[in-house]
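Engineer: Take this structure first; my questions come after.
Every read-out reported here was derived from the displayed coordinates using simple, explicitly stated rules and does not represent laboratory data. Please read these numbers as outputs of a predicted model, since none were measured by experiment. Here the Cβ is made from the backbone with ideal geometry for all residues, glycine too, and neighbour counts use every protein chain on show.
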Amino acid sequence: MKLEILLAVFFGGSLLTYLLGKISKRARDILAVLVLLFATAGITSLYGKSSTATLYTGFLDFPMVLSIHPFAWIFALTIAVVGLCAVIFSWLYIRKKGRTDFFYFMMLLVIFSMIGIVLSGDFLSFYIFWEMMSWSTFLLISYNRGKAIAAGMKYIVMSVAGSLAMLVGMISLYTQTGTLVFEGISGSLNSASSGYLQFILILFFVAFGIKNAIWPLHVWLPPAHSEAPSPFSAVLSGVLIKIGTFGFILLIYGIIQVQVFVNLGHALFNVRNLLLLLGAVTILIPTFIALFQDDAKRLLAWSTVAQAGYIILGIAYGTSESLSGGTLHFFNHALFKSLLFMVVGAVEFRTNGVRDLNSLGGLIKKMPVTFVAGLIGVCGLIGVPLTNGFVSKWLIYHTLIVNHSPFLAFVALLGTWGTILYSYKLIHHIFLGQLPRKYEKLQAAPVSMKVPMIFLSLTVFVFGVLPGLPLHVINLSELGFGMEPLAINMWGVVTGSGSIQMLNIATALILGGIVLWLFFRMGPKNTRADQMDNYAAGAPVPADRYQYSVKFYDPLTRMIAPYLKDIADNFYSALARGIRNAGNGIRRIYTGDVGNYALYIILFLAILIFIQLYWKVW
Amino acid sequence: MVNPVLFIVVPLGLAFAIPLLKYISKKIIRFVPALAFLFNLVFALRLIPVVMDHPVHVHIGGFIPPMGINLVAGPVGMLFVVLIALVGFLVSVYAFHPVKEKYEDRYHILYMLQLTGATGVVLTGDIFNLFVFFEILCLASYSLVAYLGNRAGIESAVKYLIQGSLGSGLILIGIGLLYGQFGTLNMADIAGRIHSVQPVSVYVPLVLFITGFGVEAALFPLNAWLPDAHSSAPTTISAVLSGIAIEVGLYAVLRVVFTLFGISNMMGFFLVLGVLTLLIGELCAFSQDNIKRMLAFSSIGQIGLLVFAFSLASTQGITGGFFQLASHTLGKALLFLAAGYMITRTGSMEIASFKGMGKTMPFTSLAFTIGAFSMVGLPPFMGFPGKFMILKAALHDGQMLTLILLGFILIATVIEGAYFFRVVQVLYFAGDDLPDRERAPAAFSRLVPIFLFTGLIIVLGIYPSLITDLLDASALELLDRPGFIKSIIP
Amino acid sequence: MRKLISIILLGIVATGLFMSISQIPFGEPGERMGDHFIREGVKETGATNIVTAVVVSYRGFDTLGEVTVLFTAAMGLGAVIGLVRRKKTHPVIEPASLIVYTGCRFLFPVILLVGTYIVIHGHLTPGGGFQGGAVVASAFLLMYLGCRGKRIRENLSRGLESLGGLLFILLGVTGLLIGGDFLFNFLPLGEAGTLISAGIIPLIYLAVGLKVGSELAGIIDHLIENTDELSE
Amino acid sequence: MEIIAGILVLLMIASAIAAALFKDLMNAVIASCIVSLIAAVLFYLLQAPDVAMAEAAIGAALVTGIFVIAVKRTKRFEE
Amino acid sequence: MNFLSEYTYYIGAFSLIIIGLYIILVKKNLMKVIIGFSIFDTGIYLFLITVGYLREGTAPVFSKSGLDAGKMVDPVPQALVLTAIVIGVAVLALAVILAIKIYAHYGTINLRKIKEQRW
């Protein structure tokens, strides 16, 4: 399957879905899924191949090149799979909302541009697909009006700033090396001074950092995720965030060879240390902010920011083990985070729009399958063994500890501790606890939503038990970057200082489970106490009174909240206010009085003449 | 191979003929401007291949250049003639719908004279002739700004007139000084003799020209007239003013700076002036809530960007500048036409009143969005190659000052993105309480130009190499001063 | 405060101008484009009044531009006024005193004659289209101020205007067809000094005089006629 | 010859300043008419008969006529 | 003394220009500003003609046969001024009409009060 055919058919398909939508809604839904299936099949057929193809040379005689290599293959496959599940999920979710054709067209356009970014072989096509992704995401974020408009505005302004920084970076690379194609640049970049490389890195750091929501640049993510329609937030936080990661890997490992990157800049101000520090901060602060969130999607959004921190740690560390840890964590995070968003989306769909954790509860009886999917997703998020999160986190911890950076390891562990807390809050508030009266007649999630959820939970398990599958492909990509691959086998990783074999862990857990089950069966049964006879002195206690999943972690919140105001957010709103005031101030120049305007003209003339009289400039 | 003088004479003749045509039939008057500029467009396009290798020189009255007036139809001139004819033709098609019932013929005459003046400024090779055509352009613009006769129109026209004629007076003094110094009025002749005189004595005329033409080209301190004039003029006129009049003013400044005086050490000043204009234009536009005023301030911003691009004084910079100029002309004309058409529907110019226009006028709002995206410089549209080339030239230039100014340009572009996307959001996503505007039958004559502009913006965005060779030739003509002089004064 | 600022600025501008003036000596015969016109002016164009030769044939395009400027001003004036033509009769006009009335009626034809003389002899003696046209217009001004109620018919002045303009352009275009250059002097130059000489220059100046006279009269008519009720 | 020119120039400047300072607009219009008349005479002294005629006919007569009509239509006194 | 006699016309022209500019910048009344423009233009025309003047030159018209071409004043500035005067009239006529319409709309022609179009 040639690359440009894949992209052309994909784009044509998305256009067709839009037009078909005008005719029949059913046909459009099916076509959307077909297009995505075609894309997934196309990408899987490209497994292991490395090929390039020039797409278009009309643009100011810069060639637009497409190229596939194992590293890009992982990203493309993840995007396609998550996109497919999201579109299937949104069949029912979007039906009763307005402008459905627009939604499907934009959804397919976002996925198309992401795959385009991942497959692009030169900076020009990379930038063009990047911009198309930006403005189609903008249109999707502001899709359901109301608060979404402010979120969309914040997103588009930051992404325009980011892409401009990237444009400048890419063109200065062009002036330095004379070409925009990645191979050409990496080939002739070794002559560049380290100062120039740092300048380029800073520019690209801003562009990818905004997309990757690294700590100071993450401000747009929480409002964008919580306001966007759920299927799209699944794609948004599952995969779209990771395009920044793809950019980082491409830049650090693909273009500026990793050895150069590691010892770039003198001891103190070393770009790698800066990135690691920011990764650590990105893990810490958002995790604890996530604790306070009462809106399910906002909680998940903050958790995405936190998990991105892990990935940045993995990538910025520079060893092959850390890279594979980071990439694997990206892969796993995409799976379980989109799963979690789908769970919340299903709940939201059924309770038509309720996302407030305090008013949900006890849905385990009504939506068992969603509960199981949510549980598995949360386990993946925390990194419980037998789920894929465990393997990638282990790899990251292993590299941090083995390579003597205790501070980062401590931060990572603290982060995981926080993750456990807010994940439990999520599961508990939605599924456990007392079922409020108004949800008595709640049905389970519809089939079209259950299928993607079940599929994603299976993948979380399969890659948890058999991490070898993704790791093998990651090894292939590391070979591409010229780094020595990890020693892996189907069940896990074997390294000099400790290895993990999922086979042993799985058997141990299963045996433990059986033993536990036996104890439970034979042990004394506890009696079932009727709810009514309790300490309320016989007065009937309304069921809602038992609703105790309200304001979880309140004491912890009161303790930490004062220190964790979101400094970055205040900074940006202050910046926006500053620009608006400056605008109003400068507007005052045009006073409306013609005398002043004539004075300005003569002033301009006098200044020019004065320059000549005084300094004999010319 | 048509004689370039006809590009000025045919529209002028038709303008003179309109009062007589009125006796024959009132209705055909609307089609006369469209006919004139179609003629210009077709023959200008046919002339471009000829002009690409050698500029066409026309001697008025048969006298050789230093004695008589000559027209220089070089690549720069022809680029502008094509732009003027294209925008003129499409806007006149837009104006088939009667702007104001009475005085229909006067509107069309003034409109044709305005564009004839612009074509004259662009083609002439003699500074006094440049002044006369510049005056025609300004005078027609003053009357057209006041055309609607409402309170805002008259006030803006008076202010525009006072500033404009102050500028023209300064230009006239400059011409007097140059004639006193060199005894000739032909641009190439003066350019040849400039370096025979020690520079101090030639500095004052240069400054007078920059100020005089700068008023029309909307450089920073001189552009106080632009927001009022563009927001109170009729739609078609603000489209022409923003699309053509400022660019022609900028052309005049360029011709003075590059060809006439050929100075190089003032470039730093122009770089700073351009970025200052850009920042102020974008900041003021950010805090506007009247859509035409916002577009007017964004024109000021874009002119600042153009001045920055041209003052890089490298072939790449000037080619990028010309491309961005063409994209601004087409983009801004599209934005004003689309906004104007929507204003006729909403009744008020406030951005808030455009809520939910995405549903009632889907095609126009789509066109407006494409125009806005092109202005911000998003890839598939024409703004992107323009900004791309300017950034390439600036980075190629590499001095510290240029890089700092580049930072400011990026900030300004982000601000520009902010206020354009705000309008797009109001169009499509604002408010569920849609005012119940039924979808009136769209006036065909108003949608055709909007579609053609959008098509052009997309095609040139995807395949910019279509016009880059013409732009390279014009950049060469501007920079290669001795070649220009030798081609006119053998 | 504004006075002080403008005085300072104007001071700087004045010094700048004076600095550049000192380069141009007053009255010294530098080498000028004008010397060529003086030497070959009569031979090339046949007009004895060199200024007219320069205005019409050497720099004819300027004059075409010039006439367009006046045409734009007249059209602009008409558009801005949004003239609502009231009925012919003015409600009450106390007639000017008898002496002024008869004086005007007597002077009007004389001024007209002087004006046309100036226009026709443009290429021989000082004067020409612009000056003659202005004199004719001042004759009409006199008529308006002197004796009320007299109006030139609107479409007559409009017709004359566009006729003059079209004549000018037609002469230019025929010059282009015959001689290859716009405004080429295709008629025989005739013997300098006589009335019928200097090719198309008198014709052009006639067209210009016609146009300028009717245009300025039109402007005056608009100004006086304009009633001050709002146009919209 | 020089003295006449000098006097005329002084007169012209004086009437220009008067035009600036007069509160009554009609006086200012007349002052500006004097300026252009003297300018016409100066043009004559500078051997430019064409321009003198044009300045006299247009500058002095028509422009002043237009200004008088304009002052008639608007306020007579400044402020 | 010879400086004055040398540059009388230049001094006259430039003082007119400066006074005209002063009126435009300082005066509040729109009619006064328009009068300022008229003075400013007259100053420019005077300057243009003085540039083309020759000491003891004769007018560039061959009315009599005996005139020699050497001592003639330069005709080109005169041609320019002819055109510029008519442009000046056109602009002033438009300015006056606009002043009248401003008065009809605002009831005043004090520029400090006509400030609706700002910011």
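Engineer: Enumerate the calculated ³J(HN,Hα) couplings along the stretch A:460-465 in order (Karplus 6.51 cos²θ - 1.76 cosθ + 1.60, θ = phi - 60°), each rounded to whole Hz, writing x wherever the residue is Gly or Pro.
Structural biologist: Working through the residues one at a time gives 4, 5, 4, 6, x, 7 Hz.
Engineer: Ordered by residue, what ³J(HN,Hα) values in Hz, to whole numbers, does the stretch B:454-470 give under the Karplus form 6.51 cos²θ - 1.76 cosθ + 1.60, where θ = phi - 60° and Gly and Pro are x?
Structural biologist: My calculation for the stretch B:454-470 gives 4, x, 4, 4, 6, 4, 5, x, 7, 10, x, 5, 4, 10, 5, 5, 4 Hz in order.
Engineer: How long are the three semi-axes of the equivalent ellipsoid of chain A, in whole Å, if each is the root of 5 times an eigenvalue of the C-alpha gyration tensor, listed from largest down?
Structural biologist: Numbers: eigenvalues 371, 200, 142 Å².
The equivalent ellipsoid of chain A has semi-axes of 43, 32, 27 Å.
Engineer: Where does the stretch E:32-119 land on the Kirkwood hydrodynamic radius, alpha-carbon pairs, in angstrom?
Structural biologist: 16.2 Å
Engineer: Over the alpha carbons of chain B, what is the largest minus smallest coordinate on each principal axis, giving the biggest first in Å?
Structural biologist: Here the Cα extents, ordered largest to smallest, are 71, 62, 41 Å.
Engineer: If you don't mind, there's one more thing I want to ask. What list of ³J(HN,Hα) couplings, whole Hz, do you get for the stretch B:474-490 from phi and the Karplus terms 6.51, -1.76, 1.60, once you set θ to phi - 60° and write x for glycine and proline?
Structural biologist: Once θ is set to phi - 60°, the couplings for the stretch B:474-490 become 5, 4, 4, 4, 5, 7, 7, 5, x, x, 4, 5, 5, 5, 9, 9, x Hz.
Engineer: Quote the convex hull volume per residue of the stretch B:21-102, based on C-alpha atoms, as a whole number of Å³.
Structural biologist: So the per-residue Cα hull volume is 140 Å³.
Engineer: Non-local amide H neighbours of A:T495 (under 5 Å, H modeled in plane, Pro and chain starts lacking H): which ones?
Structural biologist: Those qualifying (amide H under 5 Å, at least 5 residues apart or on another chain) are A:I500.
Engineer: If Rh is defined by the Kirkwood formula over all Cα pairs and Rg also comes from Cα, what ratio Rg/Rh do you get for the stretch A:282-421?
Structural biologist: That ratio is 1.01, to two decimals.
Engineer: How would you classify the stretch B:42-179 from its alpha-carbon gyration tensor, with a ≥ b ≥ c the square roots of the eigenvalues: rounded for a/c under 1.5, else prolate if a/b is greater than b/c, otherwise oblate?
Structural biologist: Here the stretch B:42-179 falls in the oblate category.
Engineer: Okay, next question. Using only Cα atoms, tell me the angle between helix B:383-397 and the longest principal axis of chain B; keep it within 0 to 90° and round to the nearest 10.
Structural biologist: Taking the Cα atoms of chain B, the angle to B:383-397 is about 40 degrees.
Engineer: Can you list the residues, at least 5 places off or on another chain, whose amide H is less than 5 Å from the amide H of E:Y53, using H built in the peptide plane?
Structural biologist: Amide H neighbours of E:Y53: C:G27.
Engineer: Now for a different question. What is the Cα radius of gyration of the protein assembly as shown over 2.2 N^0.38 Å, N being its residue count?
Structural biologist: Its radius of gyration relative to the 2.2 N^0.38 Å reference: 1.09.
Engineer: Tell me, which longest segment in chain B has none of the GluC sites (Glu not before Pro) that fall in DSSP loops with at most 10 further Cβ atoms within 10 Å?
Structural biologist: Result, exposed sites excluded: B:102-437.
Engineer: Under a plain spin-label model, where a point goes 7 Å from the Cα along Cα-to-Cβ, how far apart in nm are A:R437 and A:N273?
Structural biologist: Label at A:R437, label at A:N273, 6.3 nm between them.
Engineer: Moving on to the next point. When all C-alpha to C-alpha distances in the stretch B:152-278 are sorted into bins of 5 Å, what percent of pairs does each bin hold, rounded to whole numbers?
Structural biologist: 2, 10, 19, 22, 17, 13, 9, 6, 2, 0
Engineer: Listing B:Y160, A:Y93 from the residue with the fewest other Cβ atoms within 10 Å to the one with the most, what is the order?
Structural biologist: Exposure proxy ranking, most exposed first: A:Y93, B:Y160.
Engineer: Let me ask something additional. Fewest first, what order do C:L216, E:L21, C:L163 take by the number of other Cβ atoms within 10 Å? Before the final figure, lay out the partial values.
Structural biologist: Numbers: C:L216 33, E:L21 27, C:L163 17.
Taking fewest neighbouring Cβ atoms as first place, the list is C:L163, E:L21, C:L216.
Engineer: Given the Cα-Cα distance of C:L4 and C:I178 and 0.36 nm per residue of separation, how much length would full extension add, in nm? List each step's numbers first, then the result.
Structural biologist: Details: separation 174, 0.36 × 174 = 62.64 nm, distance 6.10 nm.
The span from C:L4 to C:I178 would gain 56.5 nm if fully extended.
Engineer: Under 16 Å Cα to Cα from A:K2, which aspartates and glutamates show up? Leave out anything in the same chain fewer than 8 places away.
Structural biologist: Of all the aspartates and glutamates, none pass the test against A:K2 - Cα under 16 Å, at least 8 places apart if same chain.
Engineer: Provide the FRET efficiency to the nearest 0.05 for the B:I24-A:K22 pair, computing r from the beta carbons and using R0 = 51 Å.
Structural biologist: Working: r = 48 Å, r/R0 = 0.94.
Efficiency at R0 = 51 Å is approximately 0.60.
Engineer: Under 5 Å between amide H atoms, partner at least 5 residues away or on a different chain: which partners does A:F552 have, H built in plane at 1.01 Å?
Structural biologist: none
Engineer: Working from Cα positions, state the angle (0 to 90°, nearest 10) between the long axis of helix A:594-615 and the longest principal axis of chain A.
Structural biologist: 60 degrees
Engineer: Return the ratio Rg/(2.2 N^0.38 Å) for the stretch B:266-490, where Rg is computed over Cα atoms only.
Structural biologist: 1.11
Engineer: Is the stretch A:255-335 best put as rounded, prolate or oblate by its Cα gyration tensor, with a ≥ b ≥ c the root eigenvalues, rounded for a/c under 1.5, and otherwise prolate when a/b is larger than b/c, oblate when not?
Structural biologist: Oblate.
Engineer: Which of the listed residues, A:H329, A:L46, A:I68, is farthest toward the dipole's positive end in chain A, when Lys, Arg count +1 and Asp, Glu count -1 at the beta-carbon?
Structural biologist: A:H329
Engineer: Given the stretch B:314-427, report the % of alpha carbon pairs whose separation exceeds 20 Å.
Structural biologist: Numbers: 2973 of 6441 pairs.
Everything past 20 Å amounts to 46 percent.
Engineer: Can you give the Rg and Dmax of the stretch D:2-73 based on its C-alpha atoms, in angstrom?
Structural biologist: 12.8, 42
Engineer: Right, here's the next one. Pick out, in residue order, every one of the trypsin sites (Lys or Arg not before Pro) in the stretch B:18-92 that is DSSP loop and has at most 15 other C-beta atoms within 10 Å; say none if there are none.
Structural biologist: Within the stretch B:18-92, the qualifying trypsin sites (Lys or Arg not before Pro) (loop, at most 15 other Cβ atoms within 10 Å) are B:K26.
Engineer: List the trypsin sites (Lys or Arg not before Pro) within the stretch E:22-62 that fall in a DSSP loop (any state other than H, G, I, E or B) and whose Cβ has at most 11 other Cβ atoms within 10 Å.
Structural biologist: Taking the stretch E:22-62 and a limit of 11 other Cβ atoms within 10 Å, the loop trypsin sites (Lys or Arg not before Pro) found are E:R55.
Engineer: Other chains near A:123-134: what is the mean number of their Cβ atoms within 10 Å of each residue's Cβ?
Structural biologist: Mean partner-chain Cβ count within 10 Å for A:123-134: 2.
Engineer: In chain A, once you exclude exposed trypsin sites (Lys or Arg not before Pro) (DSSP loop, at most 16 other Cβ within 10 angstrom), what's the longest stretch remaining?
Structural biologist: Values: sites that count: A:K2, A:K49, A:K96, A:K97, A:R145, A:K147, A:K365, A:K441, A:K525, A:R528, A:K551, A:K565, A:R588, A:K616.
It works out to A:148-364.
Engineer: Per 5 Å bin, what is the whole-percent P(r) computed from every C-alpha pair distance within the stretch C:1-86?
Structural biologist: 3, 11, 10, 9, 9, 10, 14, 14, 10, 6, 3, 1
Engineer: Using alpha carbons only, how many degrees (0 to 90, rounded to 10) separate the axis of helix A:296-317 from the longest principal axis of chain A?
Structural biologist: 60 degrees
Engineer: Here are some pairs, C:K3/E:K32; A:K25/A:K366; D:K72/E:K32; B:K486/C:K43; C:K3/E:K27; which of them have Cα atoms lying more than 21 Å apart in this structure?
Structural biologist: Checking Cα-Cα distances, A:K25/A:K366; B:K486/C:K43 exceed 21 Å.
Engineer: Continuing with this model, one more query. Cross-link list A:K297/A:K565; A:K297/A:K441; C:K211/E:K101; A:K242/A:K441: which exceed 29 angstrom alpha carbon to alpha carbon? Could the numbers behind the result be given before it?
Structural biologist: On the way: A:K297/A:K565 20 Å; A:K297/A:K441 24 Å; C:K211/E:K101 26 Å; A:K242/A:K441 39 Å.
With Cα atoms farther than 29 Å apart: A:K242/A:K441.
Engineer: Here's another thing I want to ask about it. Sort A:Y310, B:Y203 so the one with the fewest other Cβ atoms within 10 Å of its own Cβ comes first.
Structural biologist: B:Y203, A:Y310
Engineer: What would the Debye equation give as log₁₀ I(q)/I(0) for chain C at q = 0.12, 0.16, 0.17 Å⁻¹, counting only Cα atoms as equal point scatterers?
Structural biologist: Debye intensities relative to I(0), on a log10 scale: -0.85, -1.08, -1.13.
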